[in-house]
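Let me begin by presenting the structure, written as structure tokens, before commenting on it.
The values are calculated or read from the model by the stated rules, or taken from the named source; none is laboratory data. Nothing here was measured: the structure is a model prediction, and the numbers come from that model. Here Cβ is always computed from backbone atoms with ideal geometry, including for glycine, and neighbour counts include all displayed protein chains. These area figures cover heavy atoms from the full protein model, side chains too; ligands, DNA and RNA do not enter into them. Shrake-Rupley method; radii C 1.70, N 1.55, O 1.52, S 1.80 Å.
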Amino acid sequence: MNRDSDQVVVIGGGVIGAMCAWYLTQAGRSVTVLDRGSFGGACSHGNCGYISPSHVLPLTTPGGIQRALRSMLSSDSPFYIKPRFSPALWRWLWNFARRCNRRDMLAAAGSLHRLLQSSKELYADLINGESLDCQWQQVGLLFVYRDEHEFHEFAATNQLISDQFGVAAEPIESKALEAMEPALKPGLGGAWYYRCDSHLRPDRLMAEMKRILLSRGVRIIEDCACEELVVERGRALAAKTSQGEIPGAQFVAATGAWTPNWNRLLGCRIPIQPGKGYSITMPRPSICPQYPLIFEQHRVAITPLPSCYRIGSTMEFAGYDSSINERRLKVLTNSASIYLREPFCEPVLEKWYGWRPMTWDSLPFIDRAPIATNVWVAAGHNMLGMSTATGTGKLIAELMTEHAPHLDPRQFSLSRISLR
């Protein structure tokens, strides 16, 4: 078995794996990317495409677990837990609940803020520097409220985020909102406008990443399921796959929601739960929003793109259920109908779901795996994989090439699994 001293095998061809491959290539490494399906074909395909420094607060907010449990048995809720016997899920929820306090919320938010800010700057450099055709737009994002009371209540949260992290939104009162975004129905409570956010079309980004990675000599092997790592004397020598053994000097598990299936291979128990999100993609309606919109009270998002229009979000904890739940899609369209003058149109171009890799503290794992000195993990990015991918890719490349990291890696360490 011949081993190239610079060869890195990245397992997972989603946006995290793609960005790890890109920054490792920039650092002078030879890279092979393996994907069990098609490159960019899983959770990186049909999400809402937000690059959102505004999303600094984790899900573990005070009162978060009570809100989640109230939604547990309602399949019409934007958040749904399918009742079933799953010790791993209940252990996850217990640890999630323990972090729903102000101290842990702010600690996680600080780490997220640094990763989000890094990724925002790196995206601009990458997209402009490589002329990526991914329908990237820098017009901001509107958090829209149905009720005026809820709109005003968000002022306290906005003040907190502004004071702690310097990320501030502008309040848009109801009448001003009608003029700013004519696609919205009149009489809504108001909105908060984050100028710092941008958005893109995820499948186009992944197609462009594939193009530039191939042009830099990266080998991409699709339909290649990684079954095991060959480890000797504390070092991984090869990945055993459905297409044979693939040798490498270093390995990265960018395996998203599938990472728990790798616990034995990585030598640790990584607490990730698959949080199923949905989207519906259509042609642009005749009255199409100018801005991306999040209907905060209903947890539904709208992405207007030059080539299409997408309604997305919801969170369904149903394990690795690969079916499309039409009732969950109805939640999306029903919610959009409350806010938009023309919420959807025909024909539907795609109904899609993806499993988000949800951690109990809302932070990813970016660290060396216990199984071997040359195996790394980059997984658990929750609902922010697209927003945090570039910062993650750069940090992994820095750690693996022993360069000074641009972010403190301790905040994303695997050691925190055993802290509580």
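Assorted remarks:
- Spacing of the modelled spin labels on Thr401 and Lys175, each 7 Å from Cα toward Cβ, amounts to 5.7 nm.
- Checking every one of the GluC sites (Glu not before Pro) in segment 334-420 against DSSP loop status and a limit of 15 other Cβ atoms within 10 Å picks out Glu402.
- Rounded to the nearest angstrom and listed largest first, the equivalent-ellipsoid semi-axes of the chain from its Cα gyration tensor are 35, 23, 21.
- Theoretical gain in end-to-end length, Asp125 to Glu227 [0.36 nm per residue, Cα-Cα removed]: 33.2 nm
- Taking only the Cα atoms of segment 1-57, the radius of gyration and Dmax are 14.2, 48 Å.
- The listed residues Arg327, Arg235 rank as Arg327, Arg235 when sorted by accessible area, largest first, using a 1.4 Å probe.
- In this simple spin-label approximation, Ser215 and Ser413 carry label points 7 Å from Cα along the Cα→Cβ vector, and these lie 4.0 nm apart.
- Each stretch of four or more DSSP H residues adds -39500 (n - 2.57); spread over every residue of the chain, this sum gives -10000 deg cm²/dmol at 222 nm.
- Ser242 versus Arg102: modelled label distance in nm, points set 7 Å from Cα along the beta carbon direction: 5.1
- Eligible lysines near Lys82 by straight Cα distance, threshold 25 Å, same-chain separation 8 or greater: Lys276, Lys330, Lys351
- FRET efficiency for the Cys345 to Gln164 pair, using the beta carbon distance and R₀ = 35 Å, is estimated at 0.30.
- Normalised by residue number, the volume inside the convex hull of the Cα atoms of segment 265-420 is 150 Å³ per residue.
- Calculated SAXS-style log₁₀ I(q)/I(0) at q = 0.13, 0.15 Å⁻¹ - segment 231-285, Debye, Cα scatterers: -0.51, -0.61
- Computed log₁₀ I(q)/I(0) - Debye formula, equal Cα scatterers, no solvent, segment 31-175, q 0.16, 0.17, 0.18 Å⁻¹: -1.24, -1.32, -1.37
- Computed over protein heavy atoms with a 1.4 Å probe, the accessible surface of segment 172-222 works out to 41 Å² per residue.
- Largest mean-square fluctuation among Gly385, Gly14, Gly244, in a Gaussian network model of the chain whose springs join Cα atoms under 10 Å apart, belongs to Gly244.
- In segment 317-399, the inverse of the mean reciprocal separation of distinct Cα atoms equals 16.1 Å; this is its Kirkwood hydrodynamic radius.
- Within the accessible surface of the chain, defined with a 1.4 Å probe on protein heavy atoms only, the carbon and sulfur portion equals 49 percent.
- Of all DSSP bridge pairs formed entirely within the chain, close to 70 percent run antiparallel.
- Under 5 Å from the amide H of Glu350 lie the amide H atoms of Thr281, each residue being 5 or more positions distant or on a separate chain, with H modelled from the backbone and absent for Pro and chain starts.
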